[in-house]
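Written below as structure tokens is the structure these notes are about.
Just so it is clear, none of the values below were taken in a lab; they were calculated from the coordinates. Here the structure is a predicted model, which means the values were calculated and not measured. Here the Cβ is made from the backbone with ideal geometry for all residues, glycine too, and neighbour counts use every protein chain on show.
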Amino acid sequence: MAQTLSDSELVARCRSGDQQAWAELVDRFSRYVYAISVQAFRLPEADAEDVFQEVFARAYEHLDGLRDDAAVRPWLGQLTRRLCIDRLRATSRERPTADEELDLAGSEETLTMLEDALTVHEALAATPEHCREILDRFFARDESYRTIGEALDLPAGTIASRISRCLGRLRELLEGRTRPDTPSSSR
Amino acid sequence: MIAFDEERLARLIRALPPAPEAWVRAAQELPLAKARLDEIVARAEADAEFRARLVADLEAALAAEGYERDPAVIEALKVRFKSK
């Protein structure tokens, strides 16, 4: 999950046919695309999967048309939102729903929160690996202290203090008080 | 600059759980699937007999030629060759 390339560098490599770069691009934005469809638009799992694959298929196909490589993040966000709305409209043809109701789906508030969440995850990717791992496991993967302790070979008593220290480090990073641990993106 | 207290940070980390692994893998393999698809289409365009077998029974024709079964490629070929 460590990020060593900026978004624009990654896009440029994808465009040149670098399959490893494509895999990294998918990995970098997969959580964001997934969260938009299941949290903001509340799509059922099967629809969310279709949208997820369609977003990346279209992104792969149209990467050459992206005017600003650094704008891949809003581009993917917009594409995901559009495909979610298409999917909701298709569903509403079977089970009629007012258009205003569709427009309310994917509330702006949730979408803004997901933007912030992606910013935080990008900063997380620039923290030392032991922080990245423990914060991701505990918060994003919802793993218990026990599971984390076994996986990382840590006594349960040190997990809470490490989480707290790492959150502090992440906060400093986001507030620009420390330098990233890796030669990360410029975001 | 956005303000991040630690409670908010925790909430924002939690807001992006991983997408299902199989979905991510399938999306990561798109370039390979595209390359396989292009190869099969090019061959079908050059070889009428192969094309006829694809139209008659796509999955059987691919298996007979030793192509790995890839659902994404099969779906794309079905659209292209209107096979069963």
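Once you charge only the Cβ atoms, +1 for Lys and Arg and -1 for Asp and Glu, what is the size of the charge dipole of chain B about its Cα centre, to the nearest 20 debye? Provide the component values of the computation, followed by the final result.
Details: 14 positive and 16 negative charges, 58 e Å.
In debye, rounded to 20, chain B gives about 280.
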For chain A, just give the cysteines left without a disulfide-compatible partner, judged by no other Cys Cβ under 4.7 Å.
-> A:14, A:84
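Please give the net charge around residue A:62, taking every other residue with its beta carbon less than 14 angstrom from that of residue A:62, where Lys and Arg add +1 and Asp and Glu add -1. Walk me through the intermediate numbers first.
Numbers: positive: A:15, A:58, A:67, A:82, B:34; negative: A:54, A:61, A:64, A:68, A:69.
Spelling it out: positives minus negatives among the neighbours equals 0.
Work through the residues other than residue A:140 whose Cβ is under 10 Å from its Cβ and net out their charges, Lys, Arg +1 and Asp, Glu -1.
On the way: positive: A:31, A:137, A:141, B:14; negative: A:136, A:142, A:143.
Net of charged neighbours comes to +1.
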Just report the Cα centroid separation between the range A:121-169 and the range B:1-65, whole Å.
-> 31
Ignore the peptide's own chain and count Cβ atoms of other chains within 10 Å of each Cβ in A:47-60; give me the average, rounded.
-> 3
Round to the nearest 10 and give me the degree value, 0 to 90, for the angle of helix B:30-46's Cα axis relative to the longest principal axis of chain B.
-> 10
Just name one of A:56, A:90, A:128: the one whose Cα is farthest towards the positive end of the charge dipole of chain A (beta-carbon charges, Lys/Arg +1, Asp/Glu -1).
-> A:128
When the helices in the protein assembly as shown are scored as -39500 (n - 2.57) per DSSP H run of 4 or longer and the sum is shared across all residues, what 222 nm value do you end up with, to the nearest 500 deg cm²/dmol?
-> -21500 deg cm²/dmol
Residues whose modelled amide H sits under 5 Å from the amide H of residue A:143, counting only those 5 or more places away in sequence or on another chain, are A:138
Distance between modelled label sites at residue B:56 and residue A:64, nm, 7 Å Cα→Cβ extension = 3.7
What is the sum of charges around residue B:65, taking Lys and Arg as +1, Asp and Glu as -1, for the other residues whose C-beta is under 9 Å from the C-beta of residue B:65?
-> +2
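By the gyration tensor of its Cα atoms, with a ≥ b ≥ c the square roots of the eigenvalues, what is the shape of the protein assembly as shown: rounded for a/c under 1.5, prolate for a/b over b/c, or oblate? Could you put the intermediate results ahead of the total?
Working: a/c = 2.08, a/b = 1.69, b/c = 1.23.
It is prolate, given that a/c is not under 1.5 and a/b is the larger ratio.
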Could you put A:107, A:16, A:30 in order, starting from the residue whose Cβ has the fewest other Cβ atoms within 10 Å?
-> A:16, A:107, A:30
